[in-house]
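Okay, so here's the structure we're looking at.
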Amino acid sequence: MVRTLLIVGLLTALVATTAASAAPRKRHDVLSSATSELMPGVTYTREVDLTAAGPVVLDVVTAPKPDGTVYSLAPVLSKGGFSGTQTLTRMGRGLRARATTVGVDGDYTTTSGQPSSILMESGALENQPNVGRTSLGITADGMLEAAKVSFYGTWQATAGQRILTLNSGRGHFTLFTPAYGGSTPLETGSVAEAVFSWFPAAQASKDLTGTVAQVTSAGGTPIPKGGAVLVARGSDYVTQLSNEAPVGGKVTVHLTLTPDWSGNASAIGGGPLLVEDGKALFANGEAFPTGTLQSRSARGAVGQLADGRIVLVSVEAGTPEYSVGITSYSLALELVKLGAVTAVGLGSGPQAGMAFDGSLLTRPSTGVEKGIADALVLSYTGVYAPPVAPVLSPNGDGVGDTEALSYRLVRPATVTATLNGPNGATVSIPAGAQPKGSHTFAWDGTSASVPQAEGAWTFSVSATDDRSVTTTAERTFTLDKTLGSLTVSGRRIPTARFVLSRKANVVVRVERRSGVAVKTFNLPHLVAGAHHVSWKGKGVGKYLMRVDATSAIGTSSLVAPFSLR
């Protein structure tokens with residue numbers, strides 16, 4: 001027997017029915033919509049819309065404007081380099097020690113596993129842009145910029161400037177940085193490689209100068225951490241590199257982005273541009289294969305509202321009965337409805353998805369989560385309180401007798417934690433200076449062995465970390481002893497028995513294990529005491545007996561499995 005949720009939602013923590021942060025929408029085509037809090041200030045809405053083509057499932061995260069301290073928005077490169085793809089959930093789990101995160105798929109992924117366009121992390125350029133598609137820049141103050149960005153790179157030593165590419169297998173000269181991976185790619189033909197044991201981070205609009213430590217001609221050369229490798233391809237260009245950049249020689253690289261995004265904190269590829277100045281765009285003229293934008297597919301996108309808040313959107317696809325997916329232009333219209341003044345599409349197709357704290361929020365369109373080259377991740381570095389069970393019922397029946405309360409720190413902090421209940425009741429929880437990590441404790445509904453009042457309770461935790469930054473997190477639940485001791489007996493005529501501690505309106509449902517209800521009993525105004533309900537059912541199989549009791553305190557639920565023979 002297990003206690004079930006009062007409202008179905010993310011991680012047992014559904015707290016509202018409409019995103020307070022979303023702009024008003026036409027509701028006539030919305031089949032269902034429910035919102036939960038992922039982390040302080042960040043909400044998640046799962047909505048099912050009815051369209052002429054069929055149902056469409058939208059997943060929407062709304063978050064505060066990134067401030068670079070508590071909240072940040074930035075790309076994350078799979079495996080920390082171009083060495084292969086990684087699932088969104090695995091990337092999220094890898095970030096858990098540094099932040100609580102929610103992420104969406106990032107740029108389109110090439111057949112070799114690289115992002116298809118620009119990638120900039122912490123101001124360092126790691127992949128050059130695709131000039132035919134819109135790129136997304138994120139400024140230091142948390143604003144989104146969208147533009148078609150071009151790239152021009154050069155290197156110079158003892159002679160004139162030579163044109164180069166960045167972390168690419170194309171061109172006569174390429175600069176490979178640690179973002180590419182552990183070593184340069186294997187090459188065919190005549191190759192020369194100048195190795196820099198130290199080289200500046202690849203920032204645009206700056207002269208980047210390093211000293212050649214080694215010259216090789218093998219390909220597959222290790223890229224030093226904190227260094228770089230300049231590769232020449234073809235006999236004429238090998239000669240130029242060998243003559244102009246010998247061991248001990250200095251080489252200066254200059255990388256230019258147009259428009260000048262050198263001051264941006266980060267950037268990621270994707271496209272197309274979906275919303276500009278609050279208006280949805282059809283995205284004509286972007287360099288995508290025929291049908292990529294017009295087909296119904298799973299898609300990702302990011303937008304910014306007029307007040308600076310961020311929206312991450314993932315549209316699911318799969319079967320016509322579940323979700324038919326969406327076209328690029330229809331996604332643009334959805335973002336306008338959400339209030340976006342700027343929005344850019346991200347990857348589409350089987351790689352599209354959304355994950356929170358390393359767990360998927362979306363259903364993969366192919367049934368299996370696909371690897372991606374990079375992700376766009378919203379990170380929160382304050383105190384995080386995981387969801388709690390919605391009902392604490394310390395009535396001695398062995399179900400829901402304690403409430404597991406916990407919080408997680410990604411930095412050392414001084415913590416204050418309390419429980420606040422009806423009529424101003426307060427229960428202090430020992431905390432103080434705490435190391436980073438998860439901290440969990442259980443509450444049985446008492447204080448100093450004295451039972452506390454039934455009703456709504458709030459678990460509050462405040463943490464001041466080693467940056468002197470203070471954040472808070474809250475979770476609510478109900479202390480409710482109304483319903484208890486549910487059992488089901490009888491294999492031919494199953495009978496549910498339960499106990500009420502006060503008057504309540506009770507609904508008993510017989511359900512298949514899939515959740516489909518086959519019989520409902522409405523039992524209003526039951527008095528305190530023991531009660532039972534029998535079902536003269538037909539159909540051999542495994543079932544659930546679900547009991548919901550609504551009293552002056554609230555609604556609590558119990559469910560017990562049984563089999564019918």
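The values are calculated or read from the model by the stated rules, or taken from the named source; none is laboratory data. Given the structure is predicted, the values throughout are model-derived calculations rather than measurements. Glycine also receives a Cβ, built like all others from the backbone with ideal geometry; neighbour counts cover every protein chain displayed. Each accessible area value is taken on the protein alone, full model and side chains, heavy atoms only, with ligands, DNA and RNA left out. Shrake-Rupley method; radii C 1.70, N 1.55, O 1.52, S 1.80 Å.
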Original post:
Could you name the aspartates and glutamates in cross-link range of residue 542, using Cα to Cα under 13 Å and dropping any fewer than eight places away on the same chain?
Top reply: 511
Subject >> √(5λ) per eigenvalue of the Cα gyration tensor, segment 172-284, largest first, Å >> reply: 33, 16, 13
Original post:
Of the accessible area of segment 29-185, with the probe set at 1.4 angstrom, what percent is carbon plus sulfur?
Top reply: 52 percent
**OP:** Note down the net charge around residue 48, summing +1 for each Lys or Arg and -1 for each Asp or Glu among other residues with Cβ under 11 Å from its Cβ.
**Re:** -4
Original post:
Taking the Cβ-Cβ separation of residue 420 and residue 518 as r and a Förster radius of 45 Å, what is the calculated FRET efficiency to the nearest 0.05?
Top reply: 0.60
Original post:
Along its principal axes, what span do the Cα atoms of segment 244-349 show, with the longest given first and each in whole Å?
Top reply: 66, 33, 24
Subject >> Span per principal axis, largest first, for the Cα atoms of segment 502-565 (Å) >> reply: 37, 20, 15
Subject >> Potential lengthening between residue 243 and residue 183 on full extension [0.36 nm per residue; Cα-Cα distance subtracted] >> reply: 19.3 nm
Subject >> Spatial separation of Cα centroids for segment 503-518 and segment 346-402, in angstrom >> reply: 27 Å
**OP:** Over the residues of segment 116-231, compute the C-alpha Rg and express it relative to 2.2 N^0.38 Å.
**Re:** 1.10
Subject >> Partner lysines for residue 503 [C-alpha distance under 21 Å; skip if fewer than 8 residues away on the same chain] >> reply: 481
Original post:
Across the Cα atoms of segment 140-204, what radius of gyration and what greatest pairwise Cα-Cα distance (Dmax) are found, in Å?
Top reply: 14.6, 47
Original post:
Arranged from highest to lowest average of other beta-carbon atoms within 10 Å per residue, in what order do the peptides 340-350, 35-45 appear?
Top reply: 340-350, 35-45
Subject >> segment 57-129 - Rg (one decimal) and Dmax (whole number), Cα, Å >> reply: 13.2, 36
Original post:
Under the Kirkwood approximation applied to all pairs of distinct alpha-carbon atoms, what is the hydrodynamic radius of segment 429-481 in Å?
Top reply: 13.3 Å
Original post:
For segment 419-565, which whole-number percentage of the solvent-accessible area (1.4 Å probe, protein heavy atoms only) is attributable to carbon and sulfur atoms?
Top reply: 51 percent
Original post:
Largest first, what is the accessible-area ranking of 563, 501 with a 1.4 Å probe?
Top reply: 501, 563
Original post:
What do you reckon, how do 71, 384, 152 stack up by accessible area (1.4 Å probe), largest on top?
Top reply: 152, 71, 384
Original post:
For the chain, what is the accessible area per residue in Å² when the probe is 1.4 Å?
Top reply: 42 Å²
Original post:
Hey, can you rank 257-265, 315-323, 425-433 by average C-beta count inside 10 Å, highest first?
Top reply: 315-323, 257-265, 425-433
Original post:
If each of residue 262 and residue 322 carries a label point 7 Å out from its Cα toward its Cβ, how far apart are those two points in nm?
Top reply: 4.8 nm
Subject >> Reciprocal mean inverse distance between Cα atoms of segment 232-276 - Kirkwood radius, Å >> reply: 14.6 Å
Original post:
Tell me, what is the FRET efficiency for residue 489 and residue 525 to the nearest 0.05, using R0 = 35 angstrom and their Cβ-Cβ distance as r?
Top reply: 0.85
Subject >> the chain - percent relative contact order, Cα under 8 Å, separation 6 or more >> reply: 16 percent
**OP:** Could you state how much accessible area residue 254 has, in square angstrom rounded to the nearest 10, with a 1.4 Å probe and all protein chains kept in place?
**Re:** 60 Å²
Original post:
lysines within cross-link reach of residue 536: Cα-Cα under 18 Å, excluding same-chain residues under 8 positions apart?
Top reply: 519
